[in-house]
Structures are given as C-alpha cells and as structure tokens.
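Everything on this sheet refers to the single structure shown next.
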Amino acid sequence: MLLWYTLAEDLARGCRTSTTRDSQRVARRVKHEGFSFMTITLPQFGKDFERSLDLGCVDRLGFQGFAWKSGLPVFLSGFLSQIFDSKSGRLLDYPNVEAIQAVRQLTLLYGKLFLVSNEARERAAIAGYVECENEVSNFDLRFTPEMRRDFRRVSNVVLGRMLRRVDIKSRDCHMLMPNHGPGGTADGLKGNRKWSHMNWTVRLEKVFPSADFLLPNLSYYDRLEDVDFVEPEAEIPVKVISVPKTQKTPRIIAAEPTCMMYAQQSLKAVIYEEVERDDILSSFIGFIHQEPNQLLACKGSSSGELATLDLSEASDRVSFEHVRELLAFTPSLFEAVDACRSRKAQVPGHGVIPLAKFASMGSALSFPVEAMVFITLVFMGIEKDLNRPLTYKDIKSYVGKVRVFGDDIIVPVEHVRSVVETLELFGSKVNSSKSFWTGKFRESCGKEYYDGEDVSIVRMRQMAPSQLKDARQLISWVSSRNQFYRAGRWHTVKWLDSFLSGILKDFPVVGEFAAVLGRHSFLGYETQRVGGRFQQPLVKGYVEHGEIPVNKLDDHYALNKWFLLRGDLPIADEDHLERSGRPYVVDIKRRWARPY
C-alpha cells in the first residue's frame, strides 16, 4: 500500500494534480474490502478506462462501485479531467498522455500479481474449461461442408507452401529432432527421467518409430524389448491443472504425457524453422519475437489504420476439426500431428473426458497450430470484405498490416468487423475489453500505446518481501524497481531503494545484464574491487541461486540425449547428465560477482 501511495504522489507531480483524497479512498476501500480491491476492483476500473479511450467518451456503464461527479468518476478525477471533459465525459481533442499512463499505472499495478485463487474461483475456472470443451463440440456440429471448404482453400493459399515443406520433412523421421520441454508431464517425470521413459503409444509408433526416436542408433535395437507399447484406450490422458495467474482467475493448462510432448517438440521445431524461412509468412506469424506486433500496435495507435485484437481461451477454442481442414492437403503432416495429439483429459472433479479441442496450453503444438488457424480466419474475414476469392498476390499486399502472435492479432481497421465476425463464426471468442480499433489506444504483446506514445506500465508480480528468505519476491521487486527507474519514476525509485536496502545488506549499482541483484543506473555501474581469475571488476551483492536436482542419466539414454542436444555450439551445461530439471527452491546468496 505504501508503494501505491508513493507512486500516486509521483505521478501526480508529473501531471500537476493531487492524489491525497484518492489515497484516502483506497485506504478505506482496502480496509473494508481487503486487498482484492487492489487486485480485482482497481484493474476492472483500468479496463473500463481503456474501453472509454476506445469509445471516445467515459462509459457510464463501467466503473461500477465508484462514485460520480458530473461526467467523471470521482476517483482519480485529477487525472481523468486532463483526458475527458469534466461535464460531458467526452475525450478531449488533446488529452494529456502522461495522465493516461498515470491512470493505467495506478489501476493496473497489482492486476497481474501471481496469487493463488481461492477454491471457489479455481473450481469455476475448471468448470469453465469443461464448458469451453462443450462449446467446441457444439461448434463441430455447426462446421458445415461450405465452411470447411472455404477454410481449407484459404489456409492453402496462405500457408500451403510452408506446410508442404513441413509435410515432406514429416515423412522422414530422420529429419525430425525430438526433445523434452522444461515443464511437468502427465506421468510425473522430471528432468533426466524424461529421457529414460520407455512408454510409447501404438499411434506414435506408426509415424515416429521408437527405434529412431528412443535409441541413439540401431546397435541398441535389443533395448526395444523394454519399451511398453500402449494401445489407444490405455493412453495416459493429459492432466488438467491450474497455476497461479491472478487472484481473480487462475490459468488452466494441461500437462502432456512425456512421450507425446517428446514427439510434439520435433514437429514444433520444423514448423518454426519453415515459417522463419518464408519471407512472406514470417511477416504474418511470430513465434519468438514480439517486437513486430508491438511496432504495428504503435503504428495503429497513431494512424488509426490498424486494430489490435485479443482472444479469450485462444488455444482451448481451436477444434481438432480446424486442424483437420488446415492440413487437408498435407496428409503426412496431418498423420504425424494426429499421432502425437492427446485425445482425452483428466479434469479435477470431472474425471476423464474426450477432447474435441486440438490441444490445451501445455502442448508443444498448441502455439504454432493456433497461430496458423487464426491467420487463416483473419484472411477469411478479409476475403469476405473484398467479396472475391483471395490470391497469393492479395496475401502479399497485407505485409505490414496483418500479424498474429499467439492470441494477439493485428488487422486493418477497414476489415476488423468482418474479421471479428469470422473468428466468432468459427468458434473463437474475441475479448472485447482488450481489443481496440475505434480510438487511438492499442495494445499488443505486453505493450500499450496512445496516439503513437508508449503508455506501457510497470506491473508488480509478487507481494512485498519482508526478509531475505523471500527470494522470489525480492528478485521480482528489484526487477520492478529497475523498470520504474527506466520509466523515470524517481520518487518511487527512491522509496523502493530505501525499502529494499532494509532487507538486502548489499544493494549495489550494477549493469543491466548483471547477475547481482542491484540498482540500474544511466550513469553506469560501481566497482568495489578488481579480482578473480581474469582480474575483472567485482561488487558484493546477492545472486539468484537454485540447486538443480541430482538426476543422473547414463547408458544409451545419455547417448541419445547427447546426440539430440548437439548443435553448432557446445552444450552450455557440462553437468547436464548429472543434474537436471528445475530447482525445487529458488534462493539468493551473497557473494562477489561481476557488476555488468
């Protein structure tokens, strides 16, 4: 709460207003409603504010639970009156962009705290997952032959060249490089234990032969006697779990069986590679770099020509029937994708259910496949507007105007309504509170802009630390301190320096890429001594430390891992066959280290 008060005063100075009464209101509301006022109620105020920017006037249906005076909410009215007309509530011709950023910063500061939701909210989120699955099943019944034909045709025009290259590679298992992801699996295997898994499904065997995927070479062929081949009805279902996201709503993901994830990674790598190789397609789809989406959002906020769309439950609403039509002209790739797709899920409180969706978040293929489905639907919406079949020449004309990164979508404003209608016709759900096209506010991939100006904010991810043992909180708050520094919130930074110095015995000035928990400065970093093997600058501070679990791997399992991890560079972790997996506990240790 002290951080919020300090930040409010800091922002008020920049906008020449006062937040004394706003701080008093916050104190009263938190006293009576609890901290959920900061994590749920205020973020909703922030969303209503963004919607008002898009509408061009204050939305009287929003800002529930806040008092009004004339045309504006009383809360934060010192900032709001610099953005909207105090009587009519209409957006000013030249609103104060700094005030826009201030309102967003104060209302959304704690909206993304990693908090465990209560059991009722978790049950509601799980029930929402099941309901979403039912809606996908209902969509499959409405997926008419005409819709399938149009989807298949447009996907072939947009993605056909790339998909055929992937199809050729998927026919030869020697061109596929499987791997294990860092996360948990449905069968509970972690770290190096994943490499010694010897379960393989009969469906996988048809496309991903165990002799090629589980063995380093055929001299170990006799080891296949240890492989347990699982029939379809006995396959392990994906494990649906909730993980902390916000206090209001947990994130629902699904952990895949080890063997499925292992095969999925091989197809994911090929798809990523072929999209990046395609000069045209790589301008429409992003898998790794978010900057192109952010730049287009900035352009859209100033020119008004580009809209930013956000989808709810994006991966959960991609039907397997979408994928069937997407890959209709690449049968080998479809067979491979189908073979490594889990067909059922273990849902808490609901048992094992069959899956109509292609895959939940947690599958290695959910991200690339949803991007291909969404880009197809975007161009179907554009085609509907043009009222004629799209050609490849038409597709190329939209370079720099259309882009998809996960569920963040950029489209021309002139086609936005047709695109939204098409997305929803094909089962997607456009998040109206995070989609913008009528005003000058845009957001995409974690960056927000108003009229070409960056109004992005700093979000606190952890509750305040109170002792050195609160390692995750300390790491997060030091990171936030440095983000506030780069944003020029000097009084807030001063308060955070005082607060964090009370916990950390050493809190030196360090460079942006230093491992030491320290303060960033535009003036450089400090050096307390010169030493070490290479006589380099050193400072004393706290360094993040996590003990990687002992998880030894030997025999042909180790050889298989070594072959699959080989590349142009040496393996960074020389102990990867002795220790593996994520640290059970993240800690910080005080020692000498480089300040840059």
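The values are calculated or read from the model by the stated rules, or taken from the named source; none is laboratory data. Keep in mind the model is a prediction, meaning the values are calculated, not measured. When we count neighbours, we look across all protein chains shown, and the Cβ atoms used for this are built from the backbone with ideal geometry, even at glycine.
Could you tell me which of the residues Q290, Q264 is surrounded by fewer than 23 Cβ atoms within 10 Å (Cβ to Cβ) and in contact with a Cys (Cβ under 9 Å, 6 or more places away or on another chain)? Walk me through how you get there before you give the answer.
Numbers: Q264 fails: surrounded by fewer than 23 Cβ atoms within 10 Å (Cβ to Cβ).
The match here is Q290.
Figure legend. Inter-residue proximity from the stretch 281-305: first residues touching a residue at least 24 places away in the same chain (Cβ under 8 Å), second residues aromatic (F, W, Y) and surrounded by fewer than 17 Cβ atoms within 10 Å (Cβ to Cβ), beta-carbon distance below 7 Å, spacing 6+ or different chains. Indicated pairs: F287/Y272. Counted as qualifying within the stretch 1-110 are the helices (runs of 4 or more DSSP H) with 3 or more residues that are among the charged types (D, E, K, R) and surrounded by fewer than 19 Cβ atoms within 10 Å (Cβ to Cβ), namely 20-33.
Look at K469 and say whether it is surrounded by fewer than 17 Cβ atoms within 10 Å (Cβ to Cβ), part of a helix (DSSP H, G or I) and charged (D, E, K, R). Taking the combined requirement at face value, the residue does not satisfy it. When we screen G541, G524 for residues that are exposed (fewer than 13 other Cβ atoms within 10 Å of the Cβ), among the small types (G, A, S), without any contact (Cβ under 8 Å) to a residue 60 or more places away in the chain and under 30 Å from G502 (Cβ atoms), the only hit is G524.
State whether one or more residues within the stretch 264-272 are free of Cβ contacts under 8 Å to residues at least 40 places away in the same chain and either among the aliphatic types (A, V, I, L, M) or within 20 Å of I375 (Cα to Cα) (or both). Quick ask: steps written out before the conclusion?
Just the residues of the stretch 264-272 that are free of Cβ contacts under 8 Å to residues at least 40 places away in the same chain, to begin with: none.
Looking for residues that are free of Cβ contacts under 8 Å to residues at least 40 places away in the same chain and either among the aliphatic types (A, V, I, L, M) or within 20 Å of I375 (Cα to Cα) (or both), one finds none in the stretch 264-272, hence no.
Are any residues in the stretch 269-285 in a helix (DSSP H, G or I) and out of contact with any Pro (no Cβ under 6 Å at 6 or more places or on another chain), and if so, which ones?
Within the stretch 269-285, the first condition is being in a helix (DSSP H, G or I), and the residues that meet it are 269-277, 281-284.
Answer for the stretch 269-285, where residues must be in a helix (DSSP H, G or I) and out of contact with any Pro (no Cβ under 6 Å at 6 or more places or on another chain): A269, V270, Y272, E273, E274, V275, E276, R277, L281, S282, S283, F284.
Look through the stretch 441-457, keep the residues that are hydrophobic (A, V, I, L, M, F, W, C) and in a loop (DSSP other than H, G, I, E, B), and return whichever of them is surrounded by the most Cβ atoms within 10 Å (Cβ to Cβ). Taking the candidates together, the pick is V455. Here V539 fulfils each of the conditions (1) under 23 Å from P465 (Cβ atoms); (2) at pLDDT below 95 apart from (2).
Search the stretch 421-440 for residues being part of a helix (DSSP H, G or I) and buried (at least 22 other Cβ atoms within 10 Å of the Cβ), and hand back the single one that is nearest to the chain's Cα centre (by Cα).
L423
Among the residues of the stretch 305-325, the ones that are among the small types (G, A, S) and over 19 Å from G381 (Cα atoms) come to 1 in all. Only one of the numbered conditions (1) modelled with pLDDT under 95; (2) farther than 30 Å from G349 by Cβ; (3) part of a helix (DSSP H, G or I) is not met by L159, and that is (1).
Would you check if R519 is assigned by TED's automatic domain parsing to the domain that holds S476 and at pLDDT below 85?
The answer is no for R519.
Residue count for the stretch 322-352 satisfying the condition of being surrounded by fewer than 22 Cβ atoms within 10 Å (Cβ to Cβ) and more than 21 Å from T258 (Cα to Cα): 7. Of the residues examined, E146 is not one that is at pLDDT below 95 and surrounded by fewer than 17 Cβ atoms within 10 Å (Cβ to Cβ). Of the residues L72, L80, L91, the single one that is touching a residue at least 40 places away in the same chain (Cβ under 8 Å) and among the hydrophobic types (A, V, I, L, M, F, W, C) is L91. The set of residues from the stretch 111-154 being more than 22 Å from K47 (Cβ to Cβ), part of a loop (DSSP other than H, G, I, E, B) and under 21 Å from the mean Cα position of the chain (by Cα) comprises just one member, V116.
Have a look at A254, A211 and point out the one that is surrounded by fewer than 18 Cβ atoms within 10 Å (Cβ to Cβ) and either under 27 Å from F334 (Cα atoms) or touching a strand residue (DSSP E or B) at 6+ places or on another chain (Cβ under 7 Å) (or both).
Working: A254 fails: surrounded by fewer than 18 Cβ atoms within 10 Å (Cβ to Cβ).
So the residue among A254, A211 that is surrounded by fewer than 18 Cβ atoms within 10 Å (Cβ to Cβ) and either under 27 Å from F334 (Cα atoms) or touching a strand residue (DSSP E or B) at 6+ places or on another chain (Cβ under 7 Å) (or both) is A211.
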